[in-house]
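*Asks:* Below you'll find the structure I mean.
The values are calculated or read from the model by the stated rules, or taken from the named source; none is laboratory data. This one's a predicted model, so the numbers in the text were calculated from it and none came from an experiment. Here the Cβ is made from the backbone with ideal geometry for all residues, glycine too, and neighbour counts use every protein chain on show. For accessibility, only protein heavy atoms count, side chains too; no ligands or nucleic acids. Shrake-Rupley method; radii C 1.70, N 1.55, O 1.52, S 1.80 Å.
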Amino acid sequence: MILTPAQTCGPLFGFAMTPPDITRTVAEDDPAAVVLEGMVLDGRGDHVDYGAFLELWSREQACRVRTLEGRFRAVVRKPEPVTLPGGNRLAPHLSIFLFTRGLAGPLVTKVYFPDEEQANRSDAILRQVPEARRPLLIAQPTGVERHLRYDIRLQGERESVFFSID
Amino acid sequence: MIESFDPPLADSNSSVSTLRVPLAAPVHLDKEWFHHLPGPAFGQLKLGAFDHDLTVQGVSEPIGTRVIVHGTVTDSGGVPVKNALVEIWQANAAGGYRDSMDVSGFPLDANFYGAGRCLTDSRGHYRFLTIRPGPYPAMFKDGARAWRASHIHFSVLGAGCSSRLVTQMYFEGDPLIRMDRMINAIPDRRGQERLIAVLDEENSIAESFGPARALPTVDGSGAVVHPPRRTDPGALLTRNPSALAYRFDIVLRGSAATPFE
Ligand SMILES: [Fe+2]
């Protein structure tokens, strides 16, 4: 069986990939809503020209957002923790798939929550990441309740942690 | 055996890749550590009645050759994937995208928006009706502009995000495929062939429909009637001069030295 090869999304996807309703999984004024905002930055620290689109997934939801002037904004329900069949425990988190021109396939990362310190410490995925880089996977509080900041750096000193899937 | 022929992540065609491909090695995770949703992806998304038919999204029909693009989504074991979300986006017949960042200057088609989506049925089958997109020149790494073959962008989401696929589909027999840098970034011909849709005569439709056009093409004297013509000579200078070049050599019968018989 030959798998269908990936190709880049190219620069011109904005008109097609974010129809109404797809950019949030919950109303912003819902008490369970979390607003996640951040930038997608390249190796020079510039926001990615022509933008990127991101898909955020947890067991109970998925949404897709795009960057405008480098900035994305997703409204999601805070996910529940997960226990995998093998017994591994995962803290509340979202998987992120990022697409942008210049890349033939998606970059895969995760975002964890800053108010889950204890669950994050025992999270089976974070424990596979070198300790010094773990904080890069945790969103930052903004001072505004239920609003978090999470930047994705494709390269550089604080390059985000990316994952490969077997 | 499962074979994968993805092109290198650094899309070698794009000058921006060098600043976008992460430099640290990725952390490997088992696919179980990603999420599987029970229903279709983006359950909050409402599919419209015409989302799969890009030829009826405008008030009138778009210009271009109509094509049915259909097929089956299966997993690597050949099992059909039902309820997969299949999304497409594409240029119009002239090679223009309805996107604010399209710099081609090619004309837009007021009746063509170029985006569609549908779910696979219980047998993993999807079907779109659209028009064949025109080719267009794109900028590549060395700053050169080169023509892309006609292609439709595809996004496919099965049950879990670990099988996520974004790709591009090409048309069998398109001579531009051999010079398209994007498909040729795939290192193996078998991989390239996976992206080339095959002409499907059996499922093609060839009908006539309706009366002849009520369009006056000759006047009462039998002379041809033309619509109004543009006479401004500056018009030629204000549009994108890009055009595919075709060479057409004509060899005349006989000898130039002797008149036709
Ligand atoms: Fe394209």
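*Asks:* What strands (runs of 3 or more DSSP E) lie completely within the stretch B:111-177 and have 3 or more residues being more than 12 Å from chain A (Cβ to nearest Cβ)?
*Replies:* Values: elements: B:115-119, B:125-131, B:136-139, B:145-148, B:151-157, B:165-171.
Counting at least 3 such residues, we get B:125-131, B:145-148.
*Asks:* Are there any strands (runs of 3 or more DSSP E) wholly within the stretch A:66-166 with 1 or more residues that are open to solvent by 70 Å² or more (accessible area, probe 1.4 Å) and either over 24 Å from B:Asp30 (Cβ atoms) or within 11 Å of another protein chain (Cβ to nearest Cβ) (or both), and if so which?
*Replies:* It comes to A:71-77, A:147-149.
*Asks:* So, one more: For the stretch B:63-77, what are the residues that are closer than 22 Å to B:Glu172 by Cβ, more than 16 Å from the ligand (Cβ to nearest atom) and in a loop (DSSP other than H, G, I, E, B)?
*Replies:* The answer is B:Thr65, B:Val73.
*Asks:* Just wondering, is there one or more residues in the stretch B:2-13 that are in a strand (DSSP E or B) and facing chain A (nearest Cβ under 7 Å)?
*Replies:* yes
*Asks:* Filter the stretch A:21-41 down to the residues that are assigned to a loop (DSSP other than H, G, I, E, B) and more than 8 Å from chain B (Cβ to nearest Cβ) and list them by number.
*Replies:* A:Thr23, A:Val26, A:Ala27, A:Glu28, A:Asp29, A:Asp30, A:Pro31, A:Ala32, listed by residue number.
*Asks:* On to the next question. Which condition breaks for B:Ala159 when tested against (1) open to solvent by 30 Å² or more (accessible area, probe 1.4 Å); (2) more than 24 Å from A:Thr67 (Cα to Cα); (3) within 14 Å of the ligand (Cβ to nearest atom)?
*Replies:* (3)
*Asks:* Same structure again: Is it the case, given these coordinates, that B:Phe106 is more than 10 Å from chain A (Cβ to nearest Cβ), within 16 Å of the ligand (Cβ to nearest atom) and not charged (D, E, K, R)?
*Replies:* yes
*Asks:* Another question, if that's okay. With respect to B:Gly116, is the statement that it is among the small types (Gly, Ala, Ser), touching a Leu at 6+ places or on another chain (Cβ under 6 Å) and either away from the ligand (no atom under 16 Å from the Cβ) or in contact (Cβ under 8 Å) with a residue 12 or more places away in the chain (or both) true?
*Replies:* So B:Gly116 fits the description; yes.
*Asks:* Going by the structure shown, is B:Gly96 within 16 Å of the ligand (Cβ to nearest atom), part of a loop (DSSP other than H, G, I, E, B) and either more than 12 Å from chain A (Cβ to nearest Cβ) or out of contact with any helix residue (DSSP H, G or I) (no Cβ under 6 Å at 6 or more places or on another chain) (or both)?
*Replies:* Values: within 16 Å of the ligand (Cβ to nearest atom): yes; part of a loop (DSSP other than H, G, I, E, B): yes; either more than 12 Å from chain A (Cβ to nearest Cβ) or out of contact with any helix residue (DSSP H, G or I) (no Cβ under 6 Å at 6 or more places or on another chain) (or both): yes.
Judged against the criteria, B:Gly96 is a match.
*Asks:* Being open to solvent by 100 Å² or more (accessible area, probe 1.4 Å), among the basic types (Lys, Arg), within 11 Å of chain A (Cβ to nearest Cβ) and in contact with a strand residue (DSSP E or B) (Cβ under 7 Å, 6 or more places away or on another chain) narrows it down to one of B:Arg189, B:Arg194, so name that one. Talk me through it step by step, then tell me what you get.
*Replies:* Details: B:Arg189 fails: in contact with a strand residue (DSSP E or B) (Cβ under 7 Å, 6 or more places away or on another chain).
After ruling out the rest, the residue left standing is B:Arg194.
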